[in-house]
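To start, the structure under review is shown below, and the notes come after it.
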Amino acid sequence: MENLLVAENIYKRFGKFTALNNVSINIPRESIFGLLGPNGAGKTTLLRIINQITMPDEGKVYFDGKPLRPDDVVHIGYLPEERGLYKSMKVGEQALYLARLKGLSKHDAKERLKYWFKRLEIEGWWDKKIQELSKGMAQKVQFVITVLHRPKLLIFDEPFSGFDPVNANLIKDEILKLKEEGATILFSTHRMESVEELCDYIALIHKSNKLLDGRVSDIKKEYKSNTFEVGLDAVDEATLRQELEERFQIGPARFKSIQDDLKLTIKLKADESPNDLIRFLLTRARINHFVEVIPSVNDIFIKTVTQNA
Ligand code: ADP
Ligand code: MG
């Protein structure tokens, strides 16, 4: 069985408002799955359903091949969007308490907390009160608590919001490590930055509907347009440009280089290969730069959303 979690045809309504309209996702084992979409898309609602905080109006959730049950929560670590720790309790005391709630023995909880506090370089915080910590610091503590009992499935709702770039990077690296260690990870985000590096799979949700999902590499293949970005150094650039315009569909390129050369994007016809383009260029210019234009997840997202507007 390939998928650790399957959500099938989920509908969720709040009064007359439909927050999830027939949304399905499949999360393959030991992968990182990004649930993407603007604010208000329905991401948190879906994560809350998977965590059995709210029930769907229609649809089913399967965990490990069986219908999701209340006692599956022990296999799930959840970092909710609204971060909540007891403000007046000390960090270490609270972490221990929450770890014990997740079924860890006092000894194991202490060992693992020590390990994680060291790994995230927050050992000095043990005796601080939560209210003394900044938002980002408290979020680090909550991240540790989420992963501590080594659940099969980790769910992070907007894990990077509230972090500065350095700590956001640190959390990103930890998420990648957790996957290497065998965890399956589902996270939501309305910002596309870290998505490329992290996600094996994505689903795009917009206004309660899933617009797109699949393996990131497959989606990119589907959205690429046989377009290449070239940097050319020619004796007579004006003539070269003219020859290119007669032969190909050309547009401006966005890349920067230290060469003061001709920078273009060239879109090939479906039956043309980059080798045809290189052959054409070889006798006419020195090629400084030649890469295929691969759309970013952000480009794909914007394109899909505008098409469905
Ligand atoms: P996202 O996490 O993608 O930003 P949410 O899932 O939090 O979006 O919310 C999706 C929509 O559902 C929003 O319009 C929100 O106002 C609405 N919504 C979420 N929870 C409730 C609720 N308990 N009652 C009424 N409306 C809700
Ligand atoms: Mg949300």
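The values are calculated or read from the model by the stated rules, or taken from the named source; none is laboratory data. None of the values given here were measured: they were computed from a predicted structure. Every residue, glycine as well, gets a Cβ built from its backbone with ideal geometry; the counts of neighbours run over all protein chains shown. Surface areas here come from the heavy atoms of the whole protein model, side chains and all, with no ligands, DNA or RNA. Shrake-Rupley method; radii C 1.70, N 1.55, O 1.52, S 1.80 Å.
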Original post:
Along the positive direction of the dipole of segment 53-110 (beta-carbon charges: Lys, Arg +1; Asp, Glu -1; about the Cα centre), which of Pro56, Ala99, Tyr78 reaches farthest?
Top reply: Ala99
Original post:
What is the extension gain from Lys106 to Asn22, computed as 0.36 nm multiplied by their sequence separation minus the C-alpha to C-alpha distance, in nm to one decimal?
Top reply: 25.9 nm
Original post:
Between Phe255 and Asp236, 0.36 nm times their residue separation minus their Cα-Cα distance comes to what?
Top reply: 4.7 nm
**OP:** Quick one: among Phe228, Phe187, Phe280, which has the greatest mean-square fluctuation in a GNM of the chain with alpha-carbon springs under 10 angstrom?
**Re:** Phe280
**OP:** Choose one of Leu240, Ser217, Phe117: the residue whose Cα lies farthest towards the positive end of the charge dipole of the chain (beta-carbon charges +1 Lys, Arg; -1 Asp, Glu; about the Cα centre).
**Re:** Phe117
Original post:
Could you give P(r) for segment 225-293, binned at 10 Å from zero, as whole percent values over all Cα-Cα pairs?
Top reply: 21, 62, 16, 0
Original post:
Cα centroid distance between segment 280-297 and segment 156-189, in Å?
Top reply: 35
**OP:** Kindly provide the GluC sites (Glu not before Pro) of segment 1-42 that DSSP labels as loop, not H, G, I, E or B, and whose Cβ sees at most 13 other Cβ atoms within 10 Å.
**Re:** Glu2
Original post:
In a Debye calculation with equal point scatterers on the alpha-carbon sites of the chain and no solvent, what is log10 I(q)/I(0) at q = 0.09, 0.13, 0.14 Å⁻¹?
Top reply: -0.59, -0.95, -1.04
**OP:** Assuming a ≥ b ≥ c are the square roots of the Cα gyration tensor eigenvalues, decide whether segment 150-228 counts as rounded (a/c under 1.5), prolate (otherwise, with a/b larger than b/c) or oblate.
**Re:** prolate
**OP:** Would you mind telling me which residue in Val147, Val235, Val91 has the biggest mean-square fluctuation in a Gaussian network model of the chain, where springs connect alpha carbons within a distance under 10 angstrom?
**Re:** Val235
Original post:
In segment 118-161, how many lysine pairs have Cα atoms under 22 Å apart, counting only pairs 8 or more places apart or on different chains?
Top reply: 7
Original post:
Which listed residue (Leu268, Ser88, Ile145) has the Cα farthest towards the positive end of the charge dipole for the chain, taking +1 on Lys and Arg C-beta and -1 on Asp and Glu C-beta about the Cα centre?
Top reply: Ser88
**OP:** Could you tally the net charge around Val147, taking each other residue with its Cβ under 11 Å from the Cβ of Val147, Lys/Arg +1 and Asp/Glu -1?
**Re:** +3
Original post:
If you roll a 1.4 Å probe over the chain with all protein chains in place, what percent of the accessible area is carbon or sulfur?
Top reply: 49
**OP:** Can you tell me the dipole magnitude for segment 3-221 around its Cα centre, using point charges on the Cβ only (Lys, Arg +1; Asp, Glu -1), in Debye to the nearest 20?
**Re:** 440
**OP:** Classify segment 20-60 as rounded, prolate or oblate, taking a ≥ b ≥ c as the square roots of the eigenvalues of its Cα gyration tensor: rounded when a/c is under 1.5, otherwise prolate if a/b is larger than b/c and oblate if not.
**Re:** oblate
Subject >> segment 123-173 shape via C-alpha gyration tensor axes, a/c threshold 1.5 >> reply: oblate
**OP:** Please calculate how many Å² of accessible area the chain carries per residue, with a 1.4 Å probe and no DNA, RNA or ligand atoms counted.
**Re:** 53
**OP:** Name the aspartates and glutamates eligible as straight-distance cross-link partners of Lys16: C-alpha to C-alpha under 16 Å, and not fewer than 8 places from it in the same chain.
**Re:** Asp57, Glu58
Subject >> Sites Ser225 and Ala309, calculated FRET efficiency, Cβ-Cβ separation with R0 22 Å, nearest 0.05 >> reply: 0.60
Original post:
If you keep only loop residues by DSSP, which GluC sites (Glu not before Pro) in segment 104-155 have at most 12 other Cβ atoms within 10 Å of their Cβ?
Top reply: Glu121
**OP:** Report the full-extension gain for the segment Asp271 to Lys114: residue separation times 0.36 nm, less the Cα-Cα distance, to one decimal in nm.
**Re:** 50.6 nm
